Amino acid sequence: MTTTKKPFGLTARIIIGMALGIAIGLLLQLLMGKSGDFTLNLGLFEFSFKAFFVDGIFEIGGQIFIASLKMLVVPLVFVSLICGTCSLQDTTKLGRIGGKAISLYMVTTAIAISFAMFMAFIFAPGEGVNMTTSTTFEAKEAPSLAQVFIQMFPTNPFAAFAQGNMLQVIIFALLFGIAIALSGEAGSRVAKMFEDLNVVIMRLVTILMNLAPYGVFCLLAKLFATMDFSVFLNIFAYFMVVFVVLIIHGTVTYSVLLKVLTGLNPLTFLKKMRDAMLFAFSTSSSNATIPVTMETATKKIGANNAISSFTVPLGATINMDGTAIMQGVATVFIAQVFNVDLSITDFLMVILTATLASIGTAGVPGVGLIMLAMVLEQVGLPVEGIALIIGVDRLLDMTRTAVNVTGDCMVTTVVAKSEGQLDESVFENENAGRKIEEIDFHHLKQ
């Protein structure tokens, strides 16, 4: 069977779908006017543009796309988390080095999403839109923080899967993955099965992400058919808040942590990260950038391969600071757009969920939107709000992947330094390492 290559890449097709959706939505808005509908008398019946297009074709297409995002959440998180924790095969690495790396990755992610939500709250990019959906929001009694932690642990993991209780799914997956890693030969066989299953699920993600241009077209066509022009400014404000927070986190936060924990020069570190960040930006995939990240960590920064071969692949799996920043800003933005007040407990839930879910966010383009669907559902916000931001998400995805890769190398440097496995003469040497085009990718992937 032969496959034909599409004339446009996924990014271009999403942009085309977005542009067509906006154009047709605005055209329908002009046709329907203040009455909210445009009808043609065809003799035996009247043809309603709103009923056929807005509430018909666009509603069906958009909701199918939203449903496909929701469908992937539980299996993607569960399998990816198990694969991530299974990478800790060496029990000694499960101890000291693994503890350091995982703790640092979790801390930077928590800082990232907390800072992102704070900035979104301060600049309020979605304020004043007051959109509505068919979703109704009923005030629920907020559980205590203690109860939140208690409810993280499932009494029945299969019930957690069925109900989509992601905190319980995450906790069970972490415990199950660690058990597999510590179960010797039997665990290795089970781990191989989950690795194969992960490949299949990633392929499913790719298939469904190819529906994104059509889903975006339908969602935006419906939105812009009834939306005020002022929302354009809100989307631009959202983009700028996410972009600025990404830049600050990737330069300032990582630099401060590097200086405090190692005493090394952050400017030297950022200069050496230039090629890896560029490659990550172009691929939008932490996994695809692993060869370049490994090369940078060992040949340019001076981390011992015994450290970097463990922390870099682990970071590509669990370090998703850029995605967490997008989720934090997007959650606040969508809440403001739909005029929903988030409580302190909701904010804490978003921080906790996104931080833990970052472990299960695979390092491939587009998965961040699926994780965002999960975070929105956790605090009762309409997943339809993703349509507002998906058009600019790919540009942000490229930037946040560069941030993620920088975080991987920062943590690798800190862990290597603390273990006495960092060659500082290499770190200080400006000419250390090779350029991207000189790297033997096949060898590094083995």
Notebook entry, point to check: In the stretch 97-113, is there at least one residue being open to solvent by 70 Å² or more (accessible area, probe 1.4 Å), at pLDDT below 70 and touching a helix residue (DSSP H, G or I) at 6+ places or on another chain (Cβ under 9 Å)?
Noted result: no
Check: Only one of (1) outside any helix (DSSP H, G or I); (2) exposed (fewer than 11 other Cβ atoms within 10 Å of the Cβ); (3) modelled with pLDDT of 75 or more fails for A186. Which number is that?
Finding: (1)
Note to self: Going residue by residue through the stretch 197-215, is there one that turns out to be part of a helix (DSSP H, G or I) and touching a Lys or Arg at 6+ places or on another chain (Cβ under 7 Å)?
What the structure shows: yes
Next item on the list: Show the residue pairs that are 6+ apart or on different chains and have beta-carbon atoms under 8 Å apart, the first residue being within the stretch 397-413 and more than 11 Å from L246 (Cα to Cα) and part of a helix (DSSP H, G or I), the second being of a type in the set (V, I, T) and open to solvent by 10 Å² or more (accessible area, probe 1.4 Å).
Entry: T413/T262
Check: Across the stretch 262-289, which residue is modelled with the highest pLDDT among those that are within 28 Å of A330 (Cα to Cα) and outside any helix (DSSP H, G or I)?
Finding: M273
Check: Just one of the numbered conditions (1) touching a strand residue (DSSP E or B) at 6+ places or on another chain (Cβ under 9 Å); (2) surrounded by 15 or more Cβ atoms within 10 Å (Cβ to Cβ); (3) modelled with pLDDT under 75 is not true of S48; which one?
Finding: (3)
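Taking the stretch 374-396, which residues are hydrophobic (A, V, I, L, M, F, W, C) and part of a helix (DSSP H, G or I)? Before you say what the answer is, go through the steps one by one.
Step one: of the stretch 374-396, the residues hydrophobic (A, V, I, L, M, F, W, C) are 374-376, 379, 381, 383, 386-390, 392, 395-396.
Passing the criteria: M374, V375, L376, V383, I386, A387, L388, I389, I390, V392, L395, L396.
I need the full set of residues from the stretch 258-267 which are touching a helix residue (DSSP H, G or I) at 6+ places or on another chain (Cβ under 7 Å) and farther than 20 Å from S103 by Cβ, in order please.
Of everything in the stretch 258-267, just one residue is touching a helix residue (DSSP H, G or I) at 6+ places or on another chain (Cβ under 7 Å) and farther than 20 Å from S103 by Cβ, namely P266.
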Check: Counting only residues that are under 24 Å from I235 (Cα atoms) and either loosely packed, with under 10 Cβ neighbours inside 10 Å or at pLDDT 75 or above (or both), how many does the stretch 1-13 have?
Finding: 2
Check: Of (1) at pLDDT 80 or above; (2) in contact with a Pro (Cβ under 8 Å, 6 or more places away or on another chain); (3) within 21 Å of S285 (Cβ to Cβ), D408 satisfies all except one. Which?
Finding: (2)
Check: What do you reckon, is T85 of a type in the set (S, T, N, Q) and modelled with pLDDT of 80 or more?
Finding: no
Notebook entry, point to check: Being in contact with a Gly (Cβ under 7 Å, 6 or more places away or on another chain) and either of a type outside the set (G, A, S) or surrounded by fewer than 24 Cβ atoms within 10 Å (Cβ to Cβ) (or both), is that true of even one residue in the stretch 301-313?
Noted result: no
Note to self: I'm checking my understanding of the structure. Among residues of the stretch 414-446 that are assigned to a helix (DSSP H, G or I) and of a type in the set (D, E), which one is modelled with the lowest pLDDT?
What the structure shows: E437
Check: Counting only residues that are modelled with pLDDT of 75 or more and either outside any helix (DSSP H, G or I) or open to solvent by 70 Å² or more (accessible area, probe 1.4 Å) (or both), how many does the stretch 23-39 have?
Finding: 4
Margin query: Being touching a residue at least 60 places away in the same chain (Cβ under 8 Å) and open to solvent by less than 30 Å² (accessible area, probe 1.4 Å) narrows it down to one residue among L208, L278, L204; which is it?
Written below: L208
Check: Could you say which residue among K222, K259 is closer than 27 Å to I64 by Cα and not in a loop (DSSP other than H, G, I, E, B)?
Finding: K222
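So that you can scan it fast, the table gives a plain yes or no per residue for (1) open to solvent by 30 Å² or more (accessible area, probe 1.4 Å); (2) in contact with an Asp or Glu (Cβ under 9 Å, 6 or more places away or on another chain); (3) under 30 Å from A276 (Cα atoms):
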{"position": "G315", "(1), (2), (3)": "no, yes, yes"}
{"position": "Q327", "(1), (2), (3)": "no, no, yes"}
{"position": "V332", "(1), (2), (3)": "no, no, no"}
{"position": "F347", "(1), (2), (3)": "yes, no, no"}
Note to self: For a quick check of your reading of the model, give me the residue pairs whose first member lies in the stretch 174-194 and is closer than 20 Å to V77 by Cβ and touching a residue at least 12 places away in the same chain (Cβ under 8 Å), whose second is in a helix (DSSP H, G or I) and of a type in the set (S, T, N, Q), with beta-carbon atoms closer than 7 Å and at least 6 apart or on different chains.
What the structure shows: L174/T85; G177/T85; I178/T85; A181/T85
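The values are calculated or read from the model by the stated rules, or taken from the named source; none is laboratory data. Because the structure is a prediction, the values reported are computed rather than measured. Cβ atoms come from the backbone with ideal geometry, glycine included; neighbour counts cover every protein chain shown. Calculation scope for accessible area: heavy atoms of the full protein, side chains included, ligands and nucleic acids excluded. Shrake-Rupley method; radii C 1.70, N 1.55, O 1.52, S 1.80 Å.
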